[in-house]
Amino acid sequence: MDHDKEHDLDQLMDRTSTAVLRSLDATVDVKQRLQELFRRAGVDPSARAQFR
């Protein structure tokens, strides 16, 4: 593989990794906010698993 293609592949992997981490961070943030809203509403977030 020539140097330019290797560099392009490295950049693509870096951008992909960054995007995946941002997505995971956003998912965790949303879950944490939902749990906080459940607690504020007086609902046990773990109780919802019983209804699945």
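The values are calculated or read from the model by the stated rules, or taken from the named source; none is laboratory data. Being a predicted model, the structure only gives us computed values, none of them experimental. Backbone-built Cβ (ideal geometry, glycine too); neighbour counts: all protein chains shown. We work out accessible area using only protein heavy atoms, side chains counted, and drop any ligands, DNA or RNA first. Shrake-Rupley method; radii C 1.70, N 1.55, O 1.52, S 1.80 Å.
Of all residue pairs spaced 6 or more apart or on separate chains, those with beta-carbon atoms under 8 Å, a first member in segment 11-35 that is free of Cβ contacts under 8 Å to residues at least 60 places away in the same chain and a second member that is open to solvent by less than 70 Å² (accessible area, probe 1.4 Å) and in a helix (DSSP H, G or I) are LEU34/PRO45; GLN35/PRO45.
Can HIS7 be described as open to solvent by 90 Å² or more (accessible area, probe 1.4 Å) and at pLDDT below 90?
On the way: open to solvent by 90 Å² or more (accessible area, probe 1.4 Å): yes; at pLDDT below 90: no.
No, not satisfied.
Across segment 37-52, what is the number of residues that are surrounded by fewer than 10 Cβ atoms within 10 Å (Cβ to Cβ) and at pLDDT 65 or above?
Step one: list which residues in segment 37-52 are surrounded by fewer than 10 Cβ atoms within 10 Å (Cβ to Cβ), which gives 40-42, 46-47, 49-52.
Imposing the further condition that a residue be at pLDDT 65 or above reduces the set to 40-42, 46-47.
Count: 5.
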